[in-house]
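Scroll down for the structure; my scribbles are underneath it.
The values are calculated or read from the model by the stated rules, or taken from the named source; none is laboratory data. Bear in mind the structure is a predicted one, so any value in this text is a computation, not a measurement. FYI the Cβ positions are ideal-geometry reconstructions off the backbone, even for glycines, and counts take in every protein chain you see. For the accessible areas, the whole protein counts, side chains as well, though only heavy atoms, and no ligand, DNA or RNA atoms are used. Shrake-Rupley method; radii C 1.70, N 1.55, O 1.52, S 1.80 Å.
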Amino acid sequence: MDIATIVGILLGFIVITTAIISGGGWQIFVHLPSVAITIGGMLCATLIHFSLPQFLGIFSVVKKTIVTKIPPPAELIQNMVNFAAINRRDGALALEQEINKIKDLFFVKGLQMLVDGQDPEAIRDLMSLEIENLRDRHSNGKKILEFMGAAAPAFGMIGTLIGLIQMLRSLDSPESIGGGMSVALITTFYGALAANLIFIPLAGKLGLYSKAETTAMEMIIEGVCAIAQGDNPTAIREKMQVFISQSRRENIKAKI
Amino acid sequence: MDIATIVGILLGFIVITTAIISGGGWQIFVHLPSVAITIGGMLCATLIHFSLPQFLGIFSVVKKTIVTKIPPPAELIQNMVNFAAINRRDGALALEQEINKIKDLFFVKGLQMLVDGQDPEAIRDLMSLEIENLRDRHSNGKKILEFMGAAAPAFGMIGTLIGLIQMLRSLDSPESIGGGMSVALITTFYGALAANLIFIPLAGKLGLYSKAETTAMEMIIEGVCAIAQGDNPTAIREKMQVFISQSRRENIKAKI
Amino acid sequence: MDIATIVGILLGFIVITTAIISGGGWQIFVHLPSVAITIGGMLCATLIHFSLPQFLGIFSVVKKTIVTKIPPPAELIQNMVNFAAINRRDGALALEQEINKIKDLFFVKGLQMLVDGQDPEAIRDLMSLEIENLRDRHSNGKKILEFMGAAAPAFGMIGTLIGLIQMLRSLDSPESIGGGMSVALITTFYGALAANLIFIPLAGKLGLYSKAETTAMEMIIEGVCAIAQGDNPTAIREKMQVFISQSRRENIKAKI
Amino acid sequence: MDIATIVGILLGFIVITTAIISGGGWQIFVHLPSVAITIGGMLCATLIHFSLPQFLGIFSVVKKTIVTKIPPPAELIQNMVNFAAINRRDGALALEQEINKIKDLFFVKGLQMLVDGQDPEAIRDLMSLEIENLRDRHSNGKKILEFMGAAAPAFGMIGTLIGLIQMLRSLDSPESIGGGMSVALITTFYGALAANLIFIPLAGKLGLYSKAETTAMEMIIEGVCAIAQGDNPTAIREKMQVFISQSRRENIKAKI
Amino acid sequence: MDIATIVGILLGFIVITTAIISGGGWQIFVHLPSVAITIGGMLCATLIHFSLPQFLGIFSVVKKTIVTKIPPPAELIQNMVNFAAINRRDGALALEQEINKIKDLFFVKGLQMLVDGQDPEAIRDLMSLEIENLRDRHSNGKKILEFMGAAAPAFGMIGTLIGLIQMLRSLDSPESIGGGMSVALITTFYGALAANLIFIPLAGKLGLYSKAETTAMEMIIEGVCAIAQGDNPTAIREKMQVFISQSRRENIKAKI
């Protein structure tokens, strides 16, 4: 669970809402037709740009980005070192009961292949393919979010243009300019807020998250394949520590 | 037929039209001189930028993008595996009557060359050239749509400038500012809508579609050449499955 | 002669002029001081950015882009195949009287070197250098046009700022705002029109034209060198057809 | 300590403050709700884009950029040449008391490893890793500052939109337009000032500083490893001078 | 001396000044507080972005770009061919009195090394380093000018925001809007003019000039090293002509 994303979105909405309420007249900021033009128009443009499966996949990609907890590298290495020690002492079959303790499905899948006695090359090939597919989904999700971040302000401006044209058409006196213009600007506000508080930062987070998750997955592949080759726990720790910066490296020993 | 594109464009126009009608006075949004400046100006700029054949080709490229149905990979592989089995059992000539069942002209052409007894290298060379030409046409179409997406708002702004200059020139009283400004903004609205709902997303879809269609064509080349070499159905399935992600691979068998 | 460029510019001006005249008061759009600021400022900035020879060269580059007719590939191949046949039947000297029929100076130069008995390597070296120089001139012309396309709207905005500052300074009553603002906006209109109807599309056309002309020149080099080596007409046709897409290839034979 | 950064920020604020005070009514420019929207919104978006540790790290990266003094190359070379002479005359252990005179922690660490008798390869590996980590932190800090430089004006505009909508809603007479609009524009002013005077130039400085600091660190590695290999002072001077431009090279001799 | 740069800047200011004077009330365009905000703010941001030596170096880089005369290639080749002939006839020492006739310091330095009897490799190394340093200074100067071209309009906008906020705050009647707004827009005018007439085109010129000057320097290195190797004048002419386009090559012979 990425706290920063949730805290950022919540705090952002609190900041904006407070500013709106303290200024008075918050009712004007809740305007369903404006939501329809800005968000509806943006979704339609996204639907034209991408295919239906890509479009529908964005929600699960974002949800997983926020919800999924990437295991810290030290924990990953500790687990792998323990499993290597069990494997050397009791054999691969003894690992089977350890699998239940692991929550990360990718790790479970790798260990299961190990227990099933598959050779390291087969494990590496199959698991690498899964990383590549994940990277594709993430990169695709990033492109959709970036497109949404560009389309939302554009449709906000289109909504404001519609409102301005309608307001100016029936302009009787300068006094009546205020109300119409106020409503016309709501779509621009929606578009700017959606792009700058949601879509653009979320696309950035997805890119960083994609890098972190695929690095963790590469560490798991390296570890599982090393166990399958019968490496000793110390050699496995060394192999996995290549992925993390020196200052975070610890002298992890097997605890079994 | 790409449903998402059509649904997106239709929904987008429904959203915008509803917003216009519910605001009253939709008549003002239908303004032929404004269409002439925005769309006419954009078409002229496109004509200056590109050559006449490129310019005229864009319509057929877009139509084909929306209408053409790219065969799903599984169906392609199933067909190819069947044809390989027929080829091994009854010889290449027996494939001739299967050709009529295929709708994809590129696939038909490959099979016809196969039946005509051309060698795999000649088939690959000729068909690869066709992929390259298609990719050129698509990339050219994408560039034209992107240029249109930049030119439409620019000519929308030029139209609004013309309207503003004319309106301000004969400005007698602040009261008359509304009507003239309302008409002047129509061209900006047209330009923004055309760019953001049509040209920019369509250029994106054309890029994705180009990748999907050329991948399907590369699969067909790989399959037809493998049949021409006399590969068995299982080997052909393996060769064609390299193009699709692991999760979608199926254990397809020949049905003949 | 590139019809599309001329038609595009003419049609574009007709569309804009019609819009201006139908709106009434076209006189206001002809304003020499505004032309001086927008076009003069843009030319000065271009003079600062580029050197004098580059700046003066842009006019001849643009004129040649519009006027020069790139020979169609089929005609080029047909001519080259004929010359190869003449060369084999009557010797290189017999080609001399054919040279007068060719209008393309680059082709004439290549044939003259052939008749003069220069060896293929020398012909290729000298003619390749000329292609490179042309490509440099074109790429330089494209950069200047793109810079003009960015500078014109900038100086249009500078002109409008000058007009606004002067108009607002002596503002007595809101009624007088119209006329001054109307004149101030003319420079922005000039800048936007010059950039979007002339400079930006012309830079794009120059890029496409450069590619087409240098391809034709490369075909001529390939053909002339092949004749100098004594290749037969069929081999020359094959060599030159590599440059064009399959669908346009024809079974050209020597007509002599 | 980078004087230019501090002088630039101070002078910039003096210039802006003087302009505000001389224009009268500086009180209106201090508006806490506007700070909350612009800076608060920007910080929330940054929190969504980056992870919490990256976000918190930016303050220490910026502080170190301003405070840290990168030793001038000539001083670095002089020190290293002295140490090489001491090492050759009295042995590595004699260097131990020199370490206390060095303030740069990276230099101290290298010398300590030298005194401890580690071999050159180990010193180079460990110290190179530290450079890479520093480069990562700097590049990450640059990305955050650039994102802030883009987000600050965006939230400034969002704040102005909120202010405009509220002001226009309750618009009774044209006379009351001034005060509301004045307050609404404060957030745009904050966003533009924060981006152009702080975030964008600071991101640029961080990039230049990163290059300068890592070059100094690479010089230290080169020098310490050369001492560890037992090179003579002249050879060490030559090796370290490769990193600096010819005009700055001096004929440094050991002073011990 | 680059005439185009000086003519462009002078003509540009004449065009703008004429427009201002003919419109009446030029006094309003000379406003020192606006200069302080726009140019002062831009200089402060540049000081934060770059280091003090880089910042101070920009003036000399620009001055040299305008003042320095790059010797025409034909003159360079003629000189070098003459020196080669003298060298072969009378020996390197006879060149010493020719050095006084050369104004280009880089050329003088190369000839001096030649007379001093240094070997070609040493000459090439030392002189190449000087080219690299010059290229660094030019590329650095280009980056600073480009940053100034982006910062000037930004601080122009900041100045206009300050003016607008102050003007709107004390708005009593619509009539008083003119004067305040007129002054507020001056900073935007200054920023746009400085960027589009000075900084952006000058950055472009610096890039082109850098390429021309370093090419001339490379020709000098090639020529001096060839003389040092004892090449004959014809061989030297051939070596130096590789740097210029064929159409400009001349059959230069030694005149001694």
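Given the options E:GLY207, E:GLY230, E:GLY179, name the one that is at pLDDT 80 or above and closer than 30 Å to C:PRO153 by Cβ.
E:GLY207
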Show the residue pairs that are 6+ apart or on different chains and have beta-carbon atoms under 7 Å apart, the first residue being within segment E:207-232 and more than 27 Å from E:ALA85 (Cβ to Cβ), the second being of a type in the set (Ser, Thr, Tyr) and open to solvent by 10 Å² or more (accessible area, probe 1.4 Å). E:LEU208/C:SER51; E:TYR209/E:THR65
Being at the interface with chain C (Cβ under 9 Å from one of its Cβ atoms) and open to solvent by 50 Å² or more (accessible area, probe 1.4 Å) is the filter here; which residues of segment E:15-25 pass it? E:THR18, E:SER22
Looking at B:SER60, B:SER128, which one is open to solvent by 50 Å² or more (accessible area, probe 1.4 Å), at negative phi and not β-branched (Val, Ile, Thr)? B:SER60
So how many residues does segment A:119-141 have that are over 27 Å from A:LEU52 (Cα atoms), acidic (Asp, Glu) and facing chain B (nearest Cβ under 10 Å)? 1
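In this structure, is B:THR68 within 14 Å of chain A (Cβ to nearest Cβ), of a type in the set (S, T, N, Q), surrounded by fewer than 16 Cβ atoms within 10 Å (Cβ to Cβ) and under 30 Å from C:GLY204 (Cβ atoms)?
Against the criterion (within 14 Å of chain A (Cβ to nearest Cβ), of a type in the set (S, T, N, Q), surrounded by fewer than 16 Cβ atoms within 10 Å (Cβ to Cβ) and under 30 Å from C:GLY204 (Cβ atoms)), B:THR68 qualifies.
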Identify all residues within segment E:27-52 that are more than 9 Å from every other protein chain (Cβ to nearest Cβ), open to solvent by 20 Å² or more (accessible area, probe 1.4 Å) and not aliphatic (A, V, I, L, M); write none if there are none. E:GLN27, E:HIS31
With respect to B:ASP231, is the statement that it is more than 25 Å from A:LEU52 (Cα to Cα) and open to solvent by 50 Å² or more (accessible area, probe 1.4 Å) true? no
Check E:ILE48 against each of (1) in contact with a Pro (Cβ under 8 Å, 6 or more places away or on another chain); (2) in contact (Cβ under 8 Å) with a residue 12 or more places away in the chain and name the one condition it does not meet. (2)
Let me spell it out: the conditions are (1) surrounded by fewer than 19 Cβ atoms within 10 Å (Cβ to Cβ); (2) under 25 Å from the mean Cα position of the chain (by Cα); (3) of a type in the set (S, T, N, Q), and B:SER170 meets all of them except one. Which number is the exception? (2)
Flagged in segment C:20-38 as at pLDDT 90 or above and not in a loop (DSSP other than H, G, I, E, B), in numbering order, are C:ILE20, C:ILE21, C:PHE29, C:LEU32, C:PRO33, C:SER34, C:VAL35, C:ALA36, C:ILE37, C:THR38
Just wondering, is there one or more residues in segment E:223-236 that are away from chain C (no Cβ under 13 Å) and under 21 Å from E:VAL61 (Cβ atoms)? no
Segment A:83-92, residues that are in contact (Cβ under 8 Å) with a residue 24 or more places away in the chain and over 30 Å from the mean Cα position of the chain (by Cα): A:ALA84, A:ALA85, A:ILE86, A:ASN87, A:ARG88, A:ARG89, A:ALA92
Evaluate segment E:71-78: report whether one residue or more is open to solvent by less than 30 Å² (accessible area, probe 1.4 Å), more than 21 Å from the chain's Cα centre (by Cα) and under 30 Å from E:PHE243 (Cα atoms). yes
Residue under question is D:ALA192, and the condition is that it be away from chain A (no Cβ under 14 Å), modelled with pLDDT under 95 and out of contact with any Ser or Thr (no Cβ under 9 Å at 6 or more places or on another chain); does it hold? no
Of A:VAL108, A:VAL81, the only residue that is among the β-branched types (Val, Ile, Thr) and either within 14 Å of chain B (Cβ to nearest Cβ) or buried (at least 18 other Cβ atoms within 10 Å of the Cβ) (or both) is A:VAL81
Which helices (runs of 4 or more DSSP H) does segment A:102-205 wholly contain that include 1 or more residues that are within 18 Å of A:ALA36 (Cβ to Cβ) and in contact with a Pro (Cβ under 7 Å, 6 or more places away or on another chain)? A:177-193
Determine if segment D:149-159 includes at least one residue that is modelled with pLDDT of 85 or more, more than 12 Å from chain A (Cβ to nearest Cβ) and under 20 Å from D:GLY12 (Cβ atoms). yes
